[in-house]
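Structure record follows, encoded as structure tokens.
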Amino acid sequence: MKRKPWLLLLLLTFMLSLVLIGCSNDEEEPEQSEETEEPGETKEETEEPTESEEPAESTGGTLIYARGGDSTALDPITTTEGETFRVTENIFESLLTYGEQDTTIQPNLAKEWDVSDDGLTYTFTLEEGVKFHDGTDFNAEAVVYNFERWMNGDAEQFPYYTMFGGYKGDEGHIIESVEATDEHTVVFTLKRPQAPFLKNLAMSPFGIASPTALEEMGAEEFNQNPVGTGPFKFVEWRREERIVLEKNPDYWKEGLPKLDEVIYTVIPDNSARLNALMTGEVDLIDGLNPSDIQRVEDDPNLQIIERPSMNVGYLGFTVNRDNPLSDPAVRVALSHAVPKKDLIEAFYAGYAEPAKTVMPPSVEGYNDEIEDYAYDPELAKELLAEAGYPDGFEIDLWYMPVPRPYIPEGEKIAEVIQQSFAQVGVTANLQTTDWASYIEQATAGEFDAFLLGWTGDNGDADNFIYTLLDKDSIGSNNNTHYANDELHDILIEAQTITDQEQRNELYKQAQEIIHKDAPWVPLVHSTPVVAAKKSVSGYVPHPTGSEAVTNTSISE
Amino acid sequence: MGAYTIRRILLLIPVLFGVSVLVFSIIHLIPGNPAQVILGQRATADAILEVEKQLGLDQPLLLQYFTYMGDLFTGDLGTSLKTKTPISEEIWGYLAATMELTFVAMLIAIFVGVNAGIISAWFHNSWFDYIAMVIALIGVSIPIFWLGLMEQYIFSVKLGWLPSTGRTDPSTTIDTVTNFYLIDTLLQGDFKAFKEVVSHLILPGVALATIPMAIIARMTRASMLEVMKADYIRTARAKGLSSFWVVYKHSLRNAVIPVLTVIGLQTGLLLGGAILTETIFGWPGIGRYIYDAIEARDYPVIQSGILIIATIFVFINLIVDLLYAAVDPRIKYK
């Protein structure tokens, strides 16, 4: 009896190894070839029937881009969700676009534009000879068609209102009319000047869709089968699995795009996604855990690519609750009690810079003259005593349950803040709830103090300061319920003048006021990183978080 | 047996009704507003009200429930609030992905679990028994996400034997007919793709199999130990039948009823509870679909998704009950 378990165990092990060997055989070929670099990759390519006829030089290759979540839609106007734009930036083009790594305005489908002196009439001259993927001509009529579609929509269909103040017939709607004056000229007439108007037009949601395709398919089907003018054409979408785009051979920009195919795939877990990059199953990943950056840097086959920051993570104080935080002096005191540098070292692997104002330095109008409240617990204690709280007080400190680019680990960051507050005598009780309720309760002003952040939409100062701290934004994104009339007047003025220099000055003043009143402790502007194989080049991440891979290539 | 089956299927109606009431009440109790989620962080209060109205969320709850049930009876599972796609169109792909994974996982779990249990019972108190039961104990307690990441690290990153994530390589195109990739690739006669699908199933299959495997092994062992003490086994041995024959024919058949129960329950659990495995292995399954729906407060998806899983669960249990009769002639349903 005693010997038999041995035999059985051996037998089982043998069977198991057979199974494993059987499987490994299938994989070995491509796997080995990948390690031997150049010739191997070609071999892998040639195994695919579609590419086998073409010589290796002329194929631009396939880029496999793994990310944490799937797109919710492929008609970009229907959503505000970033994973959608990441894909649609390749399929659609807006009239204007941003600079390669900043938010200056650059021509796109509109090659020239002219603004009237009163800031009410914008005349765009469109590129000629551009065609949609379905062969429809891109012209002024197509632009009008798209804007008419959006302006006649509603909040559930299109979040268009967030940028243009409403829909047709609404009081707040900025656009009076959009007209095609000839084949290649479109004139926008505004009801009143909107300073960030051009920057808004450049945003991903306002990509121009093929009117023919929209008519033929209807909105719902179009959402699954998008047709634009962009460098890549839509091929296939299997939800939560992959989105396949192929090169648009008739793309109007000569010689572009460089890739033949782009595949966006979904791997929800950050560590698993990194594993997939390390095995070579995918070429590029986003959403790297800061703690994993070292692993990528140590790998000779991989590289880190930085995305310029256009976000801010902050500790907000709700100013109208019945507690000491309603006193600006207390908020200033607590501003001295947050060790931003330590947070960046510990939780951002150094890929962030300490924030001293609402918006990151990449946004025009950034006030670099503001001197941040230095980390100084002793001073904080003194200031608290001066404000009448020598023995401190107790508050609830809320942190978000999900990682955000600006706050990767809410709970741990909150713990550090809790400890440093304890040093100055303030007791912070940590609280959290699920993300949907978190936003809702923050908006309602139900938190004493909370962690939150913001990623810019259009790279305009207005999109940070007005959106996050103006009294008009209470109930949407001004979660501190901070209201300052002086600030409000400045921000409204800045919205209506079109001279950028003048606007920048106003925004600098606005930041002074906010600094003084300290409704937030601005924590960080984080630099999100993506990791890619060394063979990937020309991938230039945009601060807005989404970019076309037009110039990206992958070497064999 | 026919009458019994029909009765059981009819019993499904009150069960599902109960489930629907329960699910409906629970999801409306959790705080958070789907309109807020749809519109995102940028929403204004007016826009939220507007969207609530369009989604019918401003209606009284009871009315919402009856509207939903009414639609359900006409075969309409509702439309996802998030993707704006009819649920009946999108749910099948996710369900098939999970069923395929569950099938493989249960195959592994049953094969290894039952055999390990039998051998442990056969060589009761031998070192094989001890080791197998320690492994089984670890199996039930191991965190799946850790196991999954370790599998990936060892077998994909370090050894390069198996792919780490997904149902296929991202660049492989499969014509989806049934959405079971094992079947679809065979239908296309594409054996290369079939092998690829199999290789993608192994790591998540093993990860998902660990818990049921351990439970099945323990259950089989316990049940076998009991049976092997019975008189008829002693008689069989006394007749001079080989140990192997005694164990696999006489004992197993009598010991299998509780094991079957466990297998049925575990299969049902895996169908709905594969969420961790699905997340780690980038598996586009029903667990993640419902989980994402909960995050987004996508009420119709949560409701219909859970109802479908509950239906399958009930059916699996019915099949198990019918199997009892097939295995054990003493059990008869009237």
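Assorted remarks:
- Annotation note: of A:Val312, A:Val363, the sole residue that is within 22 Å of A:His515 (Cβ to Cβ), touching a residue at least 12 places away in the same chain (Cβ under 8 Å), in contact with an Asp or Glu (Cβ under 8 Å, 6 or more places away or on another chain) and buried (at least 16 other Cβ atoms within 10 Å of the Cβ) is A:Val363.
- Count - residues of segment A:472-490 that are more than 14 Å from every other protein chain (Cβ to nearest Cβ), in a helix (DSSP H, G or I) and within 25 Å of A:Leu334 (Cβ to Cβ): 4
Each row is one residue, and each column tells you yes or no for (1) touching a residue at least 12 places away in the same chain (Cβ under 8 Å); (2) closer than 26 Å to A:Pro543 by Cα.
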{"residue": "A:Lys111", "(1), (2)": "yes, yes"}
{"residue": "A:Asp117", "(1), (2)": "no, no"}
{"residue": "A:Leu120", "(1), (2)": "yes, no"}
{"residue": "A:Asp154", "(1), (2)": "yes, no"}
{"residue": "A:Gly169", "(1), (2)": "no, no"}
{"residue": "A:His173", "(1), (2)": "yes, no"}
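- Segment B:131-180 - residue that is part of a loop (DSSP other than H, G, I, E, B) and over 27 Å from A:Ile64 (Cα atoms) and, of those, nearest to the other protein chains (Cβ to nearest Cβ): B:Pro143
- The sole residue among A:Asp117, A:Asp102 that is surrounded by fewer than 22 Cβ atoms within 10 Å (Cβ to Cβ), assigned to a loop (DSSP other than H, G, I, E, B) and more than 19 Å from the chain's Cα centre (by Cα) is A:Asp117.
- Of residues in segment A:329-348 being of a type in the set (A, V, I, L, M) and more than 12 Å from A:Val524 (Cβ to Cβ), the one surrounded by the fewest Cβ atoms within 10 Å (Cβ to Cβ): A:Ala329
- Per-region count, segment B:267-307, residues under 16 Å from B:Phe24 (Cα atoms), facing chain A (nearest Cβ under 10 Å) and in contact with a strand residue (DSSP E or B) (Cβ under 7 Å, 6 or more places away or on another chain): 0
- The listed residue being closer than 30 Å to A:Tyr160 by Cα and at the interface with chain A (Cβ under 9 Å from one of its Cβ atoms), out of B:Leu39, B:Leu57: B:Leu39
- Among the residues of segment A:275-297, those that are out of contact with any strand residue (DSSP E or B) (no Cβ under 6 Å at 6 or more places or on another chain) and either of a type in the set (Lys, Arg) or within 19 Å of A:Arg86 (Cα to Cα) (or both) comprise A:Gly287, A:Arg295.
- Candidate set from segment A:71-92 (those that are assigned to a loop (DSSP other than H, G, I, E, B) and at pLDDT below 95); member that is surrounded by the fewest Cβ atoms within 10 Å (Cβ to Cβ): A:Glu81
- Qualifying position, being outside any loop (DSSP other than H, G, I, E, B) and among the acidic types (Asp, Glu), among B:Asp71, B:Asp76, B:Asp58: B:Asp71
- Among the conditions (1) surrounded by fewer than 18 Cβ atoms within 10 Å (Cβ to Cβ); (2) polar (S, T, N, Q); (3) touching a Pro at 6+ places or on another chain (Cβ under 9 Å), the only one that B:Ser223 does not satisfy is (1).
- For segment A:252-279, a tally of residues being over 24 Å from A:Val529 (Cβ atoms), away from chain B (no Cβ under 14 Å) and touching a residue at least 24 places away in the same chain (Cβ under 8 Å) returns 3.
- The residue that is nearest to the other protein chains (Cβ to nearest Cβ), counting only those in segment B:181-193 that are surrounded by fewer than 19 Cβ atoms within 10 Å (Cβ to Cβ) and of a type outside the set (A, V, I, L, M), is B:Lys192.
- Among all positions in segment B:80-95, there is at least one residue which is of a type in the set (Asp, Glu) and more than 8 Å from every other protein chain (Cβ to nearest Cβ).
- Candidate set: segment A:155-169, residues that are at pLDDT 80 or above and within 10 Å of chain B (Cβ to nearest Cβ); chosen: the one surrounded by the fewest Cβ atoms within 10 Å (Cβ to Cβ): A:Gly166
- Hits in segment A:315-328 (condition: in contact with a Lys or Arg (Cβ under 8 Å, 6 or more places away or on another chain) and surrounded by fewer than 19 Cβ atoms within 10 Å (Cβ to Cβ)): A:Pro328
- Tally, over segment B:279-309, of residues that are modelled with pLDDT under 90 and assigned to a loop (DSSP other than H, G, I, E, B): 3
The values are calculated or read from the model by the stated rules, or taken from the named source; none is laboratory data. Bear in mind the structure is a predicted one, so any value in this text is a computation, not a measurement. Because the Cβ atoms are built from the backbone with ideal geometry, glycine has one as well, and the counts that use them run over all protein chains shown.
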